[in-house]
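Student: Quick one: this structure, given as structure tokens, is what I'll be asking you about.
The values are calculated or read from the model by the stated rules, or taken from the named source; none is laboratory data. Computed from a predicted model, the values in this text were never measured in an experiment. All Cβ positions, even for glycine, are placed from backbone atoms using ideal geometry, and neighbour counts span all protein chains on display.
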Amino acid sequence: MNSLLAQLLSKGRFRVSVAVLLLVVAFAVLGPMLDTRNPLFAVGGRYDPPSANAILGTDVIGNDVFLQLMHGLGTSLKIGLIAGLVATAIGVFIGTLAGFLGGVVDELLMGFTNVVITIPTIVILILLSVALESRTLVSLALIIGVTSWPWTARAVRAQTASLRVREHVDIARLSGASVFSIILWEILPYMFSYIFMAFVLQLASAILSEAALSLLGLGPDNTISLGKMLQLAIQGEAIRTGAYWAFLPPTLLLTAISFSLLLLQSSLDEVFNPRLRRA
Amino acid sequence: METLLSVKNLCAAYVQGGQRVRVVDGVSLELRRGEVLGIAGESGCGKSTLAQVLALLARPPLWVEQGEFWLDGTIYHLAQEHRLSRELRGCKVAMLPQGALNALNPTARIREIALEVIRAHQPKTTPQEAYARTQERLERLGLPVRVLEAYPHQLSGGMRQRVVTVISTLLNPKVLIADEPTSALDVSSQKAVVKLLRELLEQRVIEGVIFIAHDLPLLRNVADRIAIMYAGKVVELGPSREMVEASRHPYTKALVEAVLVPEPYIRQRRVEGIEGTPPDLRAPPPGCRFAPRCRYAWARCRELEPPPFGDKERFAACWLLEGMSA
Amino acid sequence: MKSLLQVRALSRTFGSGKRALQAVKGVSFDLAPGEIVAVVGESGSGKSTLARLILRLLSPTEGQMLLEGQDVQRIPLRTYWRSVQAVFQDPYAAFNQFYSVQRLLQKALTLFGPLPTQERKARMHLALQSVGLEPERILGKYPHQLSGGQRQRVMVARAIMLRPRLLVADEPTSALDASLRATVLNLLKDVRQKHGMSIIFITHDIGQAYYLSDRILVMYRGEVVEEGPVEQVVEQSQHPYTKRLLSDVPRFHG
């Protein structure tokens, strides 16, 4: 275990991505503790440029961009975490069952998975936003999670199918272990690193999904997120008026987060997946 | 008979995380023209590492610490010449690896693989020339020419290993290093591969084979002479028949006794394996390395390392043989 | 003598339609209590599929098996596995690398339902001792801390701890060094001696079959082509395939 960690730490990509992610998380967690003002409360006029009063200026309705960034980042991360966990959990559940049981169960579950892949998240969101009174952070995260698990399910299924024929699985069966016990104790431990990497990818894609949905006006109500900041900036014609401070910081932050998550995933992959290891 | 290849005092070690584990320790061997030299021993005895070094394929974390490599009149110092010329590797010494399936690119046809191998050393070869050459070689060896159009997975395990053998000798290397080339095959395919190697020698496509295997009955049939390795050292060497029927080193004796073949004597008694495991090469025992498992070991064996007794044609490194002249 | 296991016209087909592959075709044989039968064949002969059918890790397409006269379909799997156990080819792959020897053995004991801690411990110790391992030193070890020979011994210990009537040994020595093979085969011989267990020994090596077993079944393309007492099959083989198999084995002496 220590040798794995040592290998990881020796990789520049791993160190850079972890450093960026730690900074991002620290900003989202510590920021609002140090500055307790309400981000949805105007502090100045429309598109005030950066100043001592608001270091990143104000947005179209006079809110402090820096303050919004801190809080919006927190919201985006929370949505990403919840959606990522939900998607990974569903994906792992369906993938292991399909891969382990095979046969009809496999065909049914994979058929269902393929159906879900073809449904765009946006359609569900539009339908739900009509049905629901208000979209909260949690409901948005659940919707993203519930629609993005199929890729994880497919990958986990393939892994499970190859692990299922290993001799230690037969030994467990001969010891009378049940299907769930075998999946839990004989299959999942071998996939742990793989699942963790899948989660990192789901996290990155969920944060970007939130941004995309919010940009279309389907973001969470009564709160601020990175996506909603972009939506406000675009609606408020920040680009045309040259108020770069309103749209550049959230864009850069989103880029930094997803880039470092992908970087983290690729460095993990190189260490956990010996076939990719360079001599 | 004339010497084709010889190595003197070869030492090779794996170096990782500041730790140095010497897995080939002072090996000297000679391969004669037209000969198959067998090398046998338990897994972890260093025979596969030796194969890599002899095939000039040693790369970090494996380092050659010292050793003279004499091939067909030229001396090379393996420890200094990290980058031995391409001319030598593949052209004069070729490697026939363990699992043929992993050695072949699964998406290429056999003829494309053959072309690639030839081009690696003769870049100007056209596909037609390569095809003709491979075809001619297959015909001469009595193998079906249609395999050229096949993908590796379409061939049976035995055929695949024979095709790999033909491809790795396309450039007429002087020496072929075969590392357990048949251990994944059933006896019938094994026999076919061995026959092919003999054929290659007879037709002078190659001039010598170093055949590494853990299977003594197989070596008894394919090799002219056998060297037994234990914990990085050659402990006994001699003509195949003598090695089986009149082995001198207790380790060789134990290996021979542990062999299970369908010959009546094995049903009449209890065949014993060798108790214990080979030593940890990070801290090899002083004295004879086999002493901890040897039923004849006495005080001296645990203190002093036995030198080879006999001559360079027939020797064994064991204190029991002291004073005996070969 | 009453048979322990009767196999009747057992077949197994994989896939369907044009791509159907009949791995085992109408195999029948009887196994007496305490008998060691070797199933010999090359890769693809269906011998491992036969092993999995007998272990009920796979269900047959056709045919029937009787254990002590009772149709095995009527025996619940957990009960069946108390009577029929296995040792596999690769002693490394047969271990879950995350768990210790103790955990491996304890899991197998759950076949007997809840047992008092004292008895569980006693059984594990006894089984490890009977394969020549020291329980105190081995129980806490993880697979990567054991040598290949030790791992295979632990797997044999696991099987005999359950005191099955039948042990299916599927190429138990082919991943081991030649110097260890005799040791593992002797272990199986002793187990039969001590516990009167029957053994089905699956192997591609007719030499090992000759050493260990009482009877040999030779399989070729899913069918048993020759069957008989070891000496008869090896010394006066009838079927051309058996003859070829024997003539391809390298001569060791002479």
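Student: Looking at A:Thr160, A:Thr152, can you tell me which residue is within 30 Å of C:Ala159 (Cβ to Cβ) and in contact (Cβ under 8 Å) with a residue 24 or more places away in the chain?
Tutor: A:Thr160
Student: Now for a separate question. Hey, can you tell me all the residues within region A:127-162 that are loosely packed, with under 15 Cβ neighbours inside 10 Å and of a type in the set (A, V, I, L, M)?
Tutor: Once the filter is applied, which keeps residues that are loosely packed, with under 15 Cβ neighbours inside 10 Å and of a type in the set (A, V, I, L, M), region A:127-162 yields A:Leu127, A:Val130, A:Ala131, A:Leu132, A:Val138, A:Ala158.
Student: Now a separate question. Filtering region C:230-254 down to residues that are touching a residue at least 24 places away in the same chain (Cβ under 8 Å) and in a helix (DSSP H, G or I), which residue is farthest from the other protein chains (Cβ to nearest Cβ)?
Tutor: Among them, the one singled out is C:Thr242.
Student: Of everything in region B:27-52, what is over 18 Å from B:Leu71 (Cα atoms), in a strand (DSSP E or B) and among the β-branched types (Val, Ile, Thr)? Give them in sequence order.
Tutor: Of everything in region B:27-52, just one residue is over 18 Å from B:Leu71 (Cα atoms), in a strand (DSSP E or B) and among the β-branched types (Val, Ile, Thr), namely B:Ile39.
Student: Return only the number of the condition from (1) surrounded by fewer than 20 Cβ atoms within 10 Å (Cβ to Cβ); (2) closer than 30 Å to C:Val234 by Cα; (3) away from chain C (no Cβ under 14 Å) that B:Gln203 does not satisfy.
Tutor: For B:Gln203, the exception is condition (2).
Student: Looking at B:Leu219, is it over 26 Å from C:Asp190 (Cα atoms), of a type in the set (A, V, I, L, M) and within 11 Å of another protein chain (Cβ to nearest Cβ)?
Tutor: Against the criterion (over 26 Å from C:Asp190 (Cα atoms), of a type in the set (A, V, I, L, M) and within 11 Å of another protein chain (Cβ to nearest Cβ)), B:Leu219 qualifies.
Student: Another question, then. Residues of region B:131-146 being aliphatic (A, V, I, L, M) and either within 27 Å of the chain's Cα centre (by Cα) or within 22 Å of B:Ala55 (Cβ to Cβ) (or both), which ones?
Tutor: B:Leu138, B:Leu141, B:Leu143
Student: From the list A:Ile239, A:Ile195, A:Ile207, A:Ile224, which one is free of Cβ contacts under 8 Å to residues at least 12 places away in the same chain and of a type in the set (A, V, I, L, M, F, W, C)?
Tutor: One residue alone meets the criteria, A:Ile239.
Student: Kindly indicate the residue of region A:212-226 that is crowded, with 24+ Cβ neighbours inside 10 Å and of a type in the set (S, T, N, Q) and also nearest to A:Leu40 (Cα to Cα) among those meeting that condition.
Tutor: A:Ser225
Student: Restricting the search to region A:173-186, which residues are touching a helix residue (DSSP H, G or I) at 6+ places or on another chain (Cβ under 6 Å) and either over 15 Å from C:Leu104 (Cα atoms) or without any contact (Cβ under 8 Å) to a residue 24 or more places away in the chain (or both)?
Tutor: Scanning region A:173-186 gives A:Leu174, A:Ser175, A:Gly176, A:Ile183, A:Glu186.
Student: Could you tell me which residue of region A:174-185 is surrounded by the fewest Cβ atoms within 10 Å (Cβ to Cβ), considering only residues that are within 18 Å of A:Asp106 (Cβ to Cβ) and not aromatic (Phe, Trp, Tyr)?
Tutor: Once the filter is applied, the top-ranked residue is A:Val179.
Student: Let me ask something additional. Within region B:102-130, can you find the residues that are surrounded by fewer than 17 Cβ atoms within 10 Å (Cβ to Cβ), over 28 Å from the mean Cα position of the chain (by Cα) and part of a helix (DSSP H, G or I)?
Tutor: Within region B:102-130, B:Pro127, B:Gln128, B:Glu129 qualify.
Student: Give the number of residues within region A:10-54 that are of a type in the set (Val, Ile, Thr), within 22 Å of A:Ser225 (Cβ to Cβ), out of contact with any Gly (no Cβ under 8 Å at 6 or more places or on another chain) and at pLDDT 80 or above.
Tutor: 3
Student: Of all residues being among the hydrophobic types (A, V, I, L, M, F, W, C) and away from chain C (no Cβ under 11 Å) in region B:247-283, which is surrounded by the most Cβ atoms within 10 Å (Cβ to Cβ)? Just the residue, please.
Tutor: The extreme case among them is B:Leu281.
Student: Here's something else I'd like to know. As an exercise: evaluate B:Gln161 against (1) within 14 Å of chain C (Cβ to nearest Cβ); (2) part of a loop (DSSP other than H, G, I, E, B) and give the number of the one condition it does not meet.
Tutor: In the conditions (1) within 14 Å of chain C (Cβ to nearest Cβ); (2) part of a loop (DSSP other than H, G, I, E, B), B:Gln161 misses (2) alone.
Student: Also, quick follow-up: Between a first residue in region C:1-17 that is in contact (Cβ under 8 Å) with a residue 40 or more places away in the chain and a second residue that is among the hydroxyl-bearing types (Ser, Thr, Tyr), which pairs have beta carbons less than 6 Å apart while being 6 or more apart in sequence or on different chains?
Tutor: Note: pairs meeting the criteria are C:Leu4/C:Ser198; C:Val7/C:Ser28; C:Arg8/C:Ser28; C:Ala9/C:Ser28; C:Ser11/C:Thr61; C:Arg12/C:Thr49; C:Arg12/C:Thr61; C:Thr13/C:Thr61.
Student: Here is a check on your reading of the model: is B:Pro262 over 30 Å from C:Gln236 (Cα atoms) and either without any contact (Cβ under 8 Å) to a residue 40 or more places away in the chain or among the basic types (Lys, Arg) (or both)?
Tutor: Criteria not met by B:Pro262.
Student: Moving on. With a cut-off of at least 1 residues that are over 20 Å from C:Pro143 (Cα atoms), within 14 Å of chain B (Cβ to nearest Cβ) and aromatic (Phe, Trp, Tyr), name the strands (runs of 3 or more DSSP E) lying wholly within region C:153-229.
Tutor: It comes to C:198-203, C:215-220.
Student: How about region C:211-229: which of its residues are touching a residue at least 60 places away in the same chain (Cβ under 8 Å) and either under 13 Å from the mean Cα position of the chain (by Cα) or within 22 Å of B:Leu255 (Cβ to Cβ) (or both)?
Tutor: C:Leu212, C:Ser213
Student: Please work out which one of (1) surrounded by fewer than 19 Cβ atoms within 10 Å (Cβ to Cβ); (2) touching a strand residue (DSSP E or B) at 6+ places or on another chain (Cβ under 8 Å) is the condition C:Val156 fails and give its number.
Tutor: Of (1) surrounded by fewer than 19 Cβ atoms within 10 Å (Cβ to Cβ); (2) touching a strand residue (DSSP E or B) at 6+ places or on another chain (Cβ under 8 Å), only one is false for C:Val156: (1).
Student: Return yes when C:Ser16 is within 27 Å of C:Leu188 (Cα to Cα) and of a type in the set (Gly, Ala, Ser) and no when it is not.
Tutor: Answer is no for this residue.
Student: So, of the residues in region B:34-53 that are closer than 14 Å to B:Leu216 by Cβ and touching a helix residue (DSSP H, G or I) at 6+ places or on another chain (Cβ under 7 Å), which turns out to be surrounded by the most Cβ atoms within 10 Å (Cβ to Cβ)?
Tutor: B:Ile39
Student: Consider region C:168-210. How many of its residues are among the polar types (S, T, N, Q), more than 13 Å from the chain's Cα centre (by Cα) and more than 19 Å from C:Val154 (Cβ to Cβ)?
Tutor: 2
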